[in-house]
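Each reported figure results from applying straightforward, stated rules to the coordinates on display, with no laboratory input. What you see is a predicted model; the values in this text were computed from it and never measured.
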Amino acid sequence: MFDIIRENKRHEKDVRIQQLKQLLEDSTSEEDGSSSSSSACKEKHKKKKKKEKHKKRKKDKKKKKKRKHKSSKSNESSDSD
């Protein structure tokens, strides 16, 4: 039983090492040679970031509308939040 557990741990360790090596190779190859793939990656990242920013703005606008609506019912002193 102990041997099975030890073998399983060793296997998981080897798999993890392989994954890390692959990740390291991928990251170094992007930095060195293939600038086209890295620029495509940067482009994707920019688009994703822009999308997230847009979603955040939308949420903020909705919150502000709700606040304005609430404040118009009561006092408008909480408008400065």
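Please compute the length gained on full extension between I5 and K58, using 0.36 nm multiplied by the number of residues separating them and subtracting their Cα-Cα distance. It would help to have the intermediate numbers written out before the result.
Details: separation 53, 0.36 × 53 = 19.08 nm, distance 5.14 nm.
Taking 0.36 nm per residue and subtracting the Cα distance, the gain is 13.9 nm.
Listed by chain and number, the lysines whose alpha-carbon sits under 20 Å from that of K13, ignoring those within fewer than 8 places in the same chain, are K21.
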